[in-house]
Amino acid sequence: MSGNLRGGALMAAAAVFFASEALAIRLMTARGIPVEVQVFFRAAGQLLWVAPIVARSGLAVFRTERAGLHLFRGGSSLLTWGFYFASFAWLDLATATVLSFTNVMFTTLLAGPVLGERVDGWRWAGTIAGFLGVAVMLRPGTAVSGIGVALALASAMTWCGITLSSRALALTERNTTIMAWVGLVTTAGSAPFAVWGWVPLGLADGAILLAVALFSPSIIWLITSAYRHGEASALAPFQYLRLVFVTGFGWLFFHEAPDGWTWAGAAVILGGALIVTMAEVRRR
């Protein structure tokens, strides 16, 4: 199997896991499990995945001269998950997923002033197209929830904090150190809210939460492995496969079928995201 083919297979698997996570969030929300509890289990799963590294390396894995940036990255992850999970209480699976792709537009807007990167015409074109797509989805008279859209866009904005801080940390920090800090910060940060929002859970609720905690961190592993095998330019489009799986899950489990205008806006957003992504690949 060629490197690009293997990488594409791994990226497609990540898309399935992304969609599965979205389905699990929707199920947990429908069952009345508070978002605070959902986020805590998601964070605890991240910490569980790095526990063997901590056990092998000891506290040395946390050694860094950039603790402030690690805290910022962990806080960005916590906010992103919180907003993203909460958006599924207001939006169908497909709409919430499409809006999450606007993170590449927000990252483009911030890459210049924060990282000093040059934003070329293609990246600006993709960014403008993406926000026009949001406007199409939110046309006058739409039935899309304004609160849900605000939460999804807030998640996309805080996702920029993850992206930009990860780029900065990657210059000096080991992946194990970054992962360990993220697990620690998100678990510690979400624990008080989980205690405050705790409700009695049934056996099925606990099983869903445990499943999310165990499989969600594997998404990052799959994406990282995909880029290790394949070229970024060949793999970039595969990330958008998750919309196909999410839409299928929404129709199959919740009978959700976005209308034509929503699909039109989604097409513009995805087109803009793809332009920005490919421009980023060419720049590197």
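Structure data summary
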item	result
Condition check for A67: surrounded by fewer than 18 Cβ atoms within 10 Å (Cβ to Cβ), modelled with pLDDT of 75 or more and closer than 27 Å to A15 by Cβ	no
In the range 122-134, the residues that are open to solvent by less than 40 Å² (accessible area, probe 1.4 Å) and β-branched (V, I, T)	T127, V134
Residue check, T29 touching a residue at least 40 places away in the same chain (Cβ under 8 Å), more than 26 Å from S155 (Cα to Cα) and open to solvent by 30 Å² or more (accessible area, probe 1.4 Å)	no
Test: T97 is under 16 Å from G250 (Cα atoms) and either surrounded by 24 or more Cβ atoms within 10 Å (Cβ to Cβ) or more than 13 Å from the chain's Cα centre (by Cα) (or both)	yes
Exclusive hit being within 23 Å of P34 (Cα to Cα) and surrounded by 14 or more Cβ atoms within 10 Å (Cβ to Cβ), set G189, G202	G189
All positions within the range 205-220 that are touching a residue at least 24 places away in the same chain (Cβ under 8 Å), of a type in the set (G, A, S) and farther than 18 Å from V35 by Cβ	S218
So V50, is it surrounded by fewer than 23 Cβ atoms within 10 Å (Cβ to Cβ), closer than 24 Å to N175 by Cα, aliphatic (A, V, I, L, M) and modelled with pLDDT under 85	yes
Residue within the range 268-280 that is open to solvent by 70 Å² or more (accessible area, probe 1.4 Å), modelled with pLDDT under 70 and part of a helix (DSSP H, G or I) present	no
R56 vs. criteria within 26 Å of G248 (Cβ to Cβ), charged (D, E, K, R) and either without any contact (Cβ under 8 Å) to a residue 12 or more places away in the chain or open to solvent by 30 Å² or more (accessible area, probe 1.4 Å) (or both)	no
Residues satisfying the stated conditions in the range 135-173, i.e. outside any helix (DSSP H, G or I), open to solvent by 30 Å² or more (accessible area, probe 1.4 Å) and not charged (D, E, K, R)	L138, P140, G141, T142, A143, V144, L171, T172
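The values are calculated or read from the model by the stated rules, or taken from the named source; none is laboratory data. In this text the structure is predicted, and so the values were computed from the model without any measurement. All Cβ positions, even for glycine, are placed from backbone atoms using ideal geometry, and neighbour counts span all protein chains on display. The area values use the complete protein model at the heavy-atom level, side chains included, leaving out ligands, DNA and RNA. Shrake-Rupley method; radii C 1.70, N 1.55, O 1.52, S 1.80 Å.
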